[in-house]
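Asker: Provided herewith is a single structure, encoded as structure tokens, for subsequent inquiry.
The values are calculated or read from the model by the stated rules, or taken from the named source; none is laboratory data. Worth saying up front: this structure is predicted, and the values here are computed from it rather than measured. Positions of Cβ are backbone-derived with ideal geometry, glycine not excepted, and every protein chain shown enters the neighbour counts. Ligands, DNA and RNA are excluded from the accessible area calculation, which covers all protein heavy atoms including side chains. Shrake-Rupley method; radii C 1.70, N 1.55, O 1.52, S 1.80 Å.
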Amino acid sequence: MRMFVKYRLNLRDLGGIATADGSCIPHGLFLRSGKLSVLTRKQCARLCRTYNIRCVIDLRTEVEAAEFPDPLPDGVEYISMPLFKGAAIGITHETGSDPMTIIRSLRRHPERLKAMAPNFEELYRRMVTDPGSRQQLDTIVALLLENKRNGRCTLFHCTAGKDRTGIVSMALLRKFGVSDRNIIKDYLHTNRNAFLPALGKSIGIFLMTGSIEIARTVFKAYMAYRHLIEVAISEY
């Protein structure tokens, strides 16, 4: 079950990543993942027991969290701390802004779909430079460090565990003096879990729209790319 859950959630422990002073991030304190709603309540309880999770920070918008709530067991603190207050196509996944929903509704209008393709570089830049997002990001990192001091394991997540989660991971690792190289390596680790689902979605979109260009755009939207996290690192 553990490997199945790790794959479904894009779950990993930041423990073991080398820091500036020659030590490593401690194991069992910082977990990053995608949304927990893909689990049953029983599976989620088992996950929390396995990793001794005491706190979950949800980076999704309030609408996303309400549509797909985390089935957390009693005793696990839940904190909603969205990096975006509203929908952001390409990043957030509310019913109205979810890429798959948009594509299904506009599958007969490929020109409109192409025009709606998000600028991911700008979205990554916005997450670390927009005053509201940056303040929230700093607050999240401070909470993660406080939980570490208290010995509490914290899991933080968005929907896919790639973009918003990747930004929080980057900011946290920078606090430990982790090198840009290792931050990028952690970010790109997502592709091990994202490749097959992204391929499946892009094939489905091609069959739905007949457009290889749109299918390619969808594939890219679900994958982690080095230049995106480099934009965030340079602007942070």
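Asker: Name the pairs: first residue in region 187-204 and under 20 Å from residue 32 (Cβ atoms), second residue of a type in the set (Phe, Trp, Tyr) and open to solvent by 20 Å² or more (accessible area, probe 1.4 Å), Cβ to Cβ under 7 Å, at least 6 apart or on different chains?
Answerer: 193/7; 194/222; 197/222; 198/219; 198/222
Asker: Now, a different point. Of all residues in region 166-197, how many are within 13 Å of residue 228 (Cβ to Cβ) and of a type outside the set (Gly, Ala, Ser)?
Answerer: 8
Asker: Another question, then. Hey, does region 187-199 have a residue that's more than 30 Å from residue 75 (Cβ to Cβ), part of a helix (DSSP H, G or I) and small (Gly, Ala, Ser)?
Answerer: So far as region 187-199 goes, yes, one or more of its residues are more than 30 Å from residue 75 (Cβ to Cβ), part of a helix (DSSP H, G or I) and small (Gly, Ala, Ser).
Asker: Continuing with this model, one more query. Give region 157-186 a look and list any residue that's of a type in the set (Lys, Arg) and in a helix (DSSP H, G or I), or say none.
Answerer: Within region 157-186, the subset of a type in the set (Lys, Arg) is 162, 164, 174-175, 181, 185.
Result: 164, 174, 175, 181, 185.
Asker: Hey, another quick one. Can you work out which of the residues in region 151-184 that are under 23 Å from residue 39 (Cβ atoms) and β-branched (Val, Ile, Thr) is most open to solvent (accessible area, probe 1.4 Å)?
Answerer: Looking at residues that are under 23 Å from residue 39 (Cβ atoms) and β-branched (Val, Ile, Thr), I get 159.
Asker: It is to be established whether one or more residues within region 192-207 are within 20 Å of residue 51 (Cβ to Cβ) and crowded, with 17+ Cβ neighbours inside 10 Å. Show your work before the answer.
Answerer: Of region 192-207, the ones within 20 Å of residue 51 (Cβ to Cβ) are 192-193.
Those left that are additionally crowded, with 17+ Cβ neighbours inside 10 Å: 193.
The answer is yes; a qualifying residue exists.
Asker: Continuing with this model, one more query. Considering only helices (runs of 4 or more DSSP H) fully contained in region 13-125, which possess at least 2 residues that are on the phi > 0 side of the Ramachandran plot and either over 16 Å from the mean Cα position of the chain (by Cα) or at pLDDT below 95 (or both)? Before you say what the answer is, go through the steps one by one.
Answerer: Working: elements: 41-51, 62-67, 99-105, 110-115.
Result: empty, no element qualifies.
Asker: Within region 208-236, track down each residue that is open to solvent by 80 Å² or more (accessible area, probe 1.4 Å) and either within 29 Å of residue 128 (Cβ to Cβ) or among the aromatic types (Phe, Trp, Tyr) (or both).
Answerer: Keep residues of region 208-236 that are open to solvent by 80 Å² or more (accessible area, probe 1.4 Å), which gives 212-213, 216, 220, 226-227, 234.
Across region 208-236, the qualifying residues are 216, 220, 226, 227, 234.
Asker: Between a first residue in region 47-60 that is in contact (Cβ under 8 Å) with a residue 12 or more places away in the chain and a second residue that is of a type in the set (Phe, Trp, Tyr), which pairs have beta carbons less than 7 Å apart while being 6 or more apart in sequence or on different chains?
Answerer: Taking only residues 6 or more apart or on different chains, the pairs are 56/78; 57/156; 58/78; 59/156.
Asker: Here's another thing I want to ask about it. Does any residue in region 125-151 that is of a type in the set (Ser, Thr, Tyr) come within less than 8 Å, Cβ to Cβ, of a residue that is in a helix (DSSP H, G or I) six or more places away or on a different chain, and which pairs are these?
Answerer: 129/235; 133/126; 133/127
Asker: Out of the residues in region 200-231 that are among the hydroxyl-bearing types (Ser, Thr, Tyr) and assigned to a helix (DSSP H, G or I), which is farthest from residue 26 (Cα to Cα)? Break it down into steps so the answer makes sense when it comes.
Answerer: If we filter region 200-231 for residues that are among the hydroxyl-bearing types (Ser, Thr, Tyr), which is where we start, we get 202, 209, 211, 217, 222, 225.
If we keep only those that are assigned to a helix (DSSP H, G or I) too, we end up with 202, 209, 217.
Values: 202: 37, 209: 47, 217: 37 Å.
My answer is 209.
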